[in-house]
1. Looking at (1) surrounded by 16 or more Cβ atoms within 10 Å (Cβ to Cβ); (2) under 30 Å from residue 47 (Cβ atoms), which is the one condition that is false for residue 121?
2. Just need a number here: residues in the stretch 11-40 that are under 18 Å from the mean Cα position of the chain (by Cα) and surrounded by fewer than 17 Cβ atoms within 10 Å (Cβ to Cβ).
3. Looking only at the stretch 59-96, how many residues end up being more than 23 Å from residue 133 (Cα to Cα) and of a type in the set (Ser, Thr, Tyr)?
4. Could you please find all residues in the stretch 177-189 being surrounded by 17 or more Cβ atoms within 10 Å (Cβ to Cβ) and at pLDDT below 95?
5. Identify all residues within the stretch 208-232 that are within 14 Å of the chain's Cα centre (by Cα) and either surrounded by 23 or more Cβ atoms within 10 Å (Cβ to Cβ) or touching a residue at least 12 places away in the same chain (Cβ under 8 Å) (or both); write none if there are none.
6. Do you know which residues across the stretch 21-38 are in contact with an Asp or Glu (Cβ under 8 Å, 6 or more places away or on another chain) and touching a residue at least 60 places away in the same chain (Cβ under 8 Å)?
7. Every residue in the stretch 64-88 that is buried (at least 16 other Cβ atoms within 10 Å of the Cβ) and more than 22 Å from residue 202 (Cβ to Cβ), please.
8. Would you pick out the residues in the stretch 195-210 that are more than 18 Å from residue 179 (Cβ to Cβ) and touching a Leu at 6+ places or on another chain (Cβ under 7 Å)?
Amino acid sequence: MHLASGTVMRTSLLFDRPFEEAVATKLADGLGKAGARAHDEDRTIEDRVHRARVAVKELRAFLRLVRPALRYYRVLNVGLRDTARRLAHHRDSVVRAQLLTELFASAPPLSGLGDFAGRIDELAGPPPSPFEQEALLDAFARDIAALAGNNVLWRVENRDWTCLADGVALSYRAARRYMIEAERSGVPNDFHDWRKQVKYHAIQLALLTPLRHGPSEQRCKSVAQLGELLGRHHDFEALADHLANAAGLEPDAVRRFNAAIDPLKTGLERTAIRLGGMKFRQPPGKIRHAIAKALRSRNDGAAAG
């Protein structure tokens, strides 16, 4: 797939174009965005890492949306997943430090944890050095370019626009299934899987909002809010897991910290389950039907990118 220099990165689909052209353009834009964000010298390294990972997440959500038209969807999805993982360690350490800083600055502060406030860097763990971070971003950009250069993998098959309804329904069904499992089990990994599917679904809904009869702005915002709640829950779980395995940290300190943040996690779980129950109560078939209908009438009022 050729990525032209200076390509304008679109956030919406070109619904007034032929399906294959619109999808190929969006895929090229997504790959170009990911590579460009890794080398955006006007931003800090932390911001470049975050924005590059978000670009890949958006692209993987789009892949799920158009998967019926991509013969090599699984190969592409795994390739993008592994590419983004190059940056995970750096991003994790930054998020841990931000979360700890926020917790200790809260009013009132977390009970019994005042002695932790001066140990944020120690608790968060050291991020990679600036040299290592640049090397990771360079490797990330090379991986993106290599994926983009394999034209066979990105070939879009001749499909009708309504195949996107199948992609939406698949992501909706996955989010709904993981929600039910998370509510039943209470296991952190189930909430983590639910979070990923909700975020993919939110990105897909946002892509379809330009349709005249597409998803409402309110639904998009509500699903995105659910994704943020689950993301916050994941940050707490990841921090607790990191502290449990951190070398040199006293077991009593870990127990005290977990006791302090457990009520926060429980509150997030309850709120997420309540909101998820409202947004994912309909059967997937009904969602598919509504999206297919909107796609069939897309020329009645679709935005042109």
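The values are calculated or read from the model by the stated rules, or taken from the named source; none is laboratory data. No experiment lies behind these values; they were computed from the predicted model shown. Virtual Cβ from ideal backbone geometry, glycine too; neighbours counted across all protein chains shown.
1. (1)
2. Of the residues in the stretch 11-40, 1 are under 18 Å from the mean Cα position of the chain (by Cα) and surrounded by fewer than 17 Cβ atoms within 10 Å (Cβ to Cβ).
3. The total comes to 2.
4. Listed by number, the list holds a single entry, 188.
5. If the condition is that a residue be within 14 Å of the chain's Cα centre (by Cα) and either surrounded by 23 or more Cβ atoms within 10 Å (Cβ to Cβ) or touching a residue at least 12 places away in the same chain (Cβ under 8 Å) (or both), then 223, 224, 225, 226, 227, 229, 230, 231, 232 are the ones that fit.
6. 38
7. 79, 86
8. Once the filter is applied, which keeps residues that are more than 18 Å from residue 179 (Cβ to Cβ) and touching a Leu at 6+ places or on another chain (Cβ under 7 Å), the stretch 195-210 yields only 207.
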